[in-house]
Structures are given as structure tokens and as C-alpha cells.
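The values are calculated or read from the model by the stated rules, or taken from the named source; none is laboratory data. In this text, all values refer to a predicted model and were calculated from it rather than measured experimentally. A quick note on method: Cβ atoms are made from the backbone with ideal geometry, for glycine too, and the neighbour counts reach across all protein chains shown. Heads up: the accessible areas ignore ligands, DNA and RNA and are worked out on the full protein's heavy atoms, side chains in. Shrake-Rupley method; radii C 1.70, N 1.55, O 1.52, S 1.80 Å.
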Amino acid sequence: MTRDELKRRTLDFTDAFNRDDLEGVMGYFAPDAVYDQFNGARAEGLDAIRAAFAPQFAGAFGEMRFHEEDLILDAEARSAMISWTCAMRTPERYGGWRGLDLLFFNAAGRIVRKETYAKAEKPAIRKL
């Protein structure tokens, strides 16, 4: 995987979240992928990863959008670090937090591990 391919896959993956496209997101994962969530929970395999994302894509947290801050790529290791600000909004509340994802890809360009880290124990949410 070239650096440009790694960059494109990482940004497209993040964009799928911002389009609320669960199928698009899931299409990036290898069948045996692992998702280490910001709260310490671990999802292994496509069914478990889909279940971990389901509340988000069902709108349980309102509208969520990830705004890229930094992107660090290592094409040789097929890994990327993308830091972001996650903005959340419901009709009654808004807020968010900063965090990052470490993404590890296999030779076919599929994510085999996604590690999410956040700078908050829970999102800072305020009433409108």
C-alpha cells in the first residue's frame, strides 16, 4: 500500500462515518478485525464490530461528525493515526470531545485493528 493509498483509505473511512454509512464503514474491516473502543470494550469480528457501531448509526447519540485534526501515516507498516474532534448534536443538546484512531491495515487494504482513544471519559454535552 502506498502512502497515498493509505491516506485515501483513512480519510474515506472517516468520511463514511460522517455520511452515516454503516455499510460503508463495515466494508473497510477485515473479517477477523478487532475494534478497541475508547471505553476499553473490545469487539472482535465483523458481527461484534457492527453491534458496537449500531447505536451510533441508529442515532442514539444524535448527529455525530468527525473533524480531522492531524493525520500521521506509515505506509511501510500500513498504519495511520488520525486525530479528530467529534461534534455531537441533538435537538436539545450539543457537545463533543477530541480523540484519535490508530488504524492498522492488512496487505489487501482492510482494517485489521482499530484503536480509539478519547480525551474525555464521556462527551461534554450541554443543553441548548
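Quick look at the values:
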item: For the chain: accessible area per residue (Å², 1.4 Å); result: 57 Å²
item: Positive minus negative residues near Asp32 (Lys, Arg vs Asp, Glu; Cβ under 15 Å); result: +2
item: Tensor-based shape of the chain (alpha-carbon gyration tensor, a/c under 1.5 rounded, otherwise prolate or oblate); result: prolate
item: Crossing angle, helix 46-57 versus the chain [Cα axis fit, 0-90 degrees, rounded to tens]; result: 30 degrees
item: Exposed-loop-free span, longest in the chain, where GluC sites (Glu not before Pro) count as exposed if DSSP calls them loop and at most 12 other C-beta atoms lie within 10 Å; result: 1-75
item: About the Cα centre, charge dipole magnitude for the chain (Lys/Arg +1, Asp/Glu -1 at Cβ), debye; result: 420 debye
item: Residue list for segment 56-86, given a label point 7 angstrom along the Cα-to-Cβ vector of Met26 and an amide N cut-off under 14 Å; result: 56-58
item: Relative contact order, percent, the chain [alpha-carbon distance under 8 Å, six or more residues apart]; result: 25 percent
item: Residue-averaged 222 nm ellipticity for the chain, from DSSP H runs of 4+ at -39500 (n - 2.57), nearest 500; result: -8000 deg cm²/dmol
item: Tensor-based shape of segment 1-66 (alpha-carbon gyration tensor, a/c under 1.5 rounded, otherwise prolate or oblate); result: oblate
item: Accessible area of the chain belonging to carbon and sulfur atoms, whole % at 1.4 Å probe; result: 49 percent
item: Acute angle (nearest 10 degrees) that the helix 3-18 long axis makes with the longest principal axis of the chain, alpha-carbon atoms; result: 30 degrees
